[in-house]
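K.L.:
Handing you a structure now.
The values are calculated or read from the model by the stated rules, or taken from the named source; none is laboratory data. This is a predicted model, so every value here is computed, not measured. All Cβ positions, even for glycine, are placed from backbone atoms using ideal geometry, and neighbour counts span all protein chains on display.
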Amino acid sequence: MKKRIFNLFIIATFTLSFSSCDVLQSVADQASSIANLANCEYSLKDVTNLSIAGINIKALKNGNITATDILKLTNALVNKQVPMAMNVNINVKNPTDRNAAMTAMDWILDIDNTQFATGTNTQSYTITRNTTTAVPLNVNTDIYSMFSNNGIESLKNFVKSFSSDGTSSKVGLRIKPSLNVGGVMVPMPNYIKVEKRTGSNNS
């Protein structure tokens, strides 16, 4: 009986040892993946599906706002709620021969050097070696405070800046990818800043 228990103990010890090795290797691989994020190249691909108060800005060519649009914008200002939605698409290029990975990405959106929104993308991505992966961020925020003083004219000028190449807005994004390593979220130490001037082709 004692011999049987001893044999079971030996088997359990070897099993735990191999299991621990597997866990350690997994953690090591994850640590390598988060470290390799620092070697990736980040760029703002484009801004799509931009809407303000439910109005698709791409349809407002050269600031030609219809009476219905004016009514929507006016009602939004009266109600002190001007929702803005957009998709900000980031390209993450991995020029190395090792994979990189992220579990989440904190982001801060700036337009013309004014902070508009913050958020966290919780979609996991693996950026395989020598490839580029697109990471879309869904932005939803209220921008009433930006126009509370100058009202509809200020809002109209802002709309024009997204629909005219001559007065394009500067969209900036500060991002901080992170990875779950052994059950612990490990973020990159600093935010990475990417920006792009948007025009009628990107609205």
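K.L.:
Taking segment 77-90, which residues are closer than 22 Å to Gly119 by Cβ and in contact with a Leu (Cβ under 8 Å, 6 or more places away or on another chain)?
P.N.:
Val82, Met84, Ala85, Met86, Asn87, Val88, Asn89, Ile90
K.L.:
Tally up the residues in segment 172-190 that are assigned to a strand (DSSP E or B) and either on the phi > 0 side of the Ramachandran plot or touching a helix residue (DSSP H, G or I) at 6+ places or on another chain (Cβ under 7 Å) (or both), please.
P.N.:
So the count comes out to 4.
K.L.:
Can you pull out every residue in segment 121-137 that is surrounded by 12 or more Cβ atoms within 10 Å (Cβ to Cβ) and in a strand (DSSP E or B)?
P.N.:
Asn121, Tyr125, Thr126, Ile127, Thr131, Thr132, Thr133, Val135, Pro136, Leu137
K.L.:
Checking Arg98 against (1) touching a strand residue (DSSP E or B) at 6+ places or on another chain (Cβ under 8 Å); (2) at negative phi: exactly one of these is not met. Which one?
P.N.:
Failed condition: (1).
K.L.:
So, one more: Could you say whether any residue in segment 117-126 is out of contact with any strand residue (DSSP E or B) (no Cβ under 6 Å at 6 or more places or on another chain), among the small types (Gly, Ala, Ser) and at pLDDT below 85?
P.N.:
Checked against the condition, which is being out of contact with any strand residue (DSSP E or B) (no Cβ under 6 Å at 6 or more places or on another chain), among the small types (Gly, Ala, Ser) and at pLDDT below 85, segment 117-126 yields no hits at all.
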